[in-house]
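Rule-based calculations on the coordinates, nothing more; no lab input. Remember, it's a predicted structure, so these values are computed and weren't measured experimentally. Neighbour counts are summed over all protein chains in view; Cβ atoms, including those assigned to glycine, are modelled from backbone coordinates with ideal geometry.
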Amino acid sequence: MVQSFVCLGSNMGDAGAHLERAQKELDSLPGVRVTAASSLYRTEPQGRKDQPWFLNQVLRLDCSEEMTSLRLLDAMLEKEAAMGRVRDAADHFGPRVIDMDLLLFGDERKTEDEHLILPHPRMEERAFVLVPLLEIAPELVMPDGREVRSLLEKLSYRLEGSAIFQ
């Protein structure tokens, strides 16, 4: 089994229901089992502030050897589309029904693939990823040996209850 981590986000409609459905959709994929889910966090929008706050969550998945990182990403994109996600290149950081980001897939590193970069290229800049990630994997280490905890310590953010300000 390969352990992977996915960040879910939504800021349209019933965001909590969207995250719950996304978790069930991922758990229903052949060769994938959701083994942990963080709490839900309310987070400030990144990149574009004039939109509703997001609800975010991180999941830990156990993936069978047949499930590759690219297969998982493709399945996630299909699930997003089925849930109503419309990608707008002109509004990359805009509102969304659901967003599923593959953060880590075992110790895999991909830097040359235009379709998938692992670890996720912006995860270490985002408290809304690192806070819930550390909740479910407090001793997690990046493929390059850095502790995820040390990445979070470098960020300027504030956690108030379940709200993350950054």
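Values computed for the structure shown
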read-out	value
Dipole magnitude (debye, nearest 20) for the chain, charges at Cβ of Lys, Arg, Asp, Glu	420 debye
DSSP-assigned coil residues among trypsin sites (Lys or Arg not before Pro) in region 31-108, each with at most 15 further Cβ atoms within 10 Å	R48, K49, R87
For region 83-166, size of Cβ-based charge dipole, Lys and Arg +1, Asp and Glu -1, in debye	240 debye
Percentage of interatomic Cα-Cα distances in region 2-165 larger than 20 Å	48 percent
Loop GluC sites (Glu not before Pro), region 17-76 (other Cβ atoms within 10 Å of the site Cβ: 15 or fewer; DSSP)	E65, E66
Residues whose placed amide H lies under 5 Å from that of G106, excluding near-sequence neighbours	Q3, S4, F5
Relative contact order (percent, whole number), the chain, Cα cutoff 8 Å, 6+ residue spacing	28 percent
Label zone at R109 (point 7 Å along Cα-to-Cβ), backbone N below 16 Å, region 133-153	141-148
Sparse-neighbour loop sites [chymotrypsin sites (Phe, Trp or Tyr not before Pro); region 109-166; at most 15 other C-beta within 10 Å; DSSP]	Y157
